[in-house]
1. Arrange 253, 138 by Cβ neighbour counts within 10 Å, fewest through most, would you?
2. Listing 47, 70, 15 from the residue with the fewest other Cβ atoms within 10 Å to the one with the most, what is the order?
3. Among 99, 42, rank each residue by its count of other Cβ atoms within 10 Å, from fewest to most, as a rough exposure measure.
4. FRET efficiency for residue 149 and residue 17, Cβ-Cβ distance as r, R0 = 30 Å, nearest 0.05?
5. Round to the nearest 0.05 the FRET efficiency obtained for residue 217 and residue 165 when R0 = 35 Å and r is the Cβ-Cβ distance.
6. Measuring from label point to label point, each 7 Å out along Cα→Cβ, what is the residue 30 to residue 141 span in nm?
7. Going by average Cβ neighbours within 10 Å, how do the peptides 153-160, 308-315 rank, with the highest at the top?
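Derivation of every value follows stated rules applied to the coordinates shown; laboratory data play no part. Please read these numbers as outputs of a predicted model, since none were measured by experiment. Cβ placement follows ideal geometry from the backbone for every residue including glycine, while neighbour counts extend to all protein chains displayed.
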């Protein structure tokens, strides 16, 4: 039986209760400054998820001026579980060790025992490292869960693409069979019916031949329409029909699974092939951001300039480590071939801030 995770509010209340209990046990009626620092530390824990570094700094006086230490331990655990800046975490651990080790007010130098100081320092190091390492473990577990979810989504997307590939091949094969076999035979029926219609003098036979010929012609029109639809669906769109347009970019960006923005300013007379090329380029670029730059933000911009349609997809550096995901490696190559067929170009490469940019240029009207 899988245990359900506790609600964050329950965890926060439990941590706050532990800190308040620790402060209550260590209250010294004669030490107003120490009592105030413990009270400040307990109140600060309410905001530990929103401002973990500030809350940790507010709990340090309690570790220095009083014997209440649990608020500081909870704060450094929260900081370790949320921050990705190791220098800040190390500095925080050193500050906590110093506050716990150094007595306040400082005693005369001659009264300090070296052996006692070493024991206290070792205890302080162990006390500070335990919650810090636990926080880092929680952060690693959270990142792993996110990566497993992304891998699952990528595998589901790959399965969908494989299914669409099989459907496209079957549709293309069916279109060929209908064009080469069925259409040919129906055409022969129409020709023979027309010949019979001309040669016969029997009214009933002439009427039957006319009906057969008309039905054959109608059937040929329907077959041609079906063949056109089947062949059009062989280019592997995300939705088999209809083909995507620039008007669907907002839905594509919103459903990309990453933090992305869209800026689009295009005229109304963009040709359907150009619209499909822009859509596919943005789709492939956002997929690559999700696969190769986990945690990055993306910005999509589409506009018209000097008779060309331009599109750029720029992403920031990844914030989480990348795991190898399955892929054909032909995505950008296919986009480049599509752009060249339309008389355009596509360029891609890293940006100056360790991000990545894909740039598409297409003539508004095919040359």
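1. Numbers: 253 20, 138 15.
The order, fewest Cβ neighbours first, is 138, 253.
2. Exposure proxy ranking, most exposed first: 47, 15, 70.
3. Values: 99 20, 42 25.
Ranking 99, 42 by Cβ neighbours within 10 Å, fewest first, gives 99, 42.
4. On the way: r = 33 Å, r/R0 = 1.09.
FRET efficiency, residue 149 to residue 17: 0.40.
5. On the way: r = 35 Å, r/R0 = 1.01.
Computed FRET efficiency for residue 217 and residue 165: 0.50.
6. 4.5
7. Numbers: 153-160: 13.0, 308-315: 21.5.
Output ranking for 153-160, 308-315: 308-315, 153-160.
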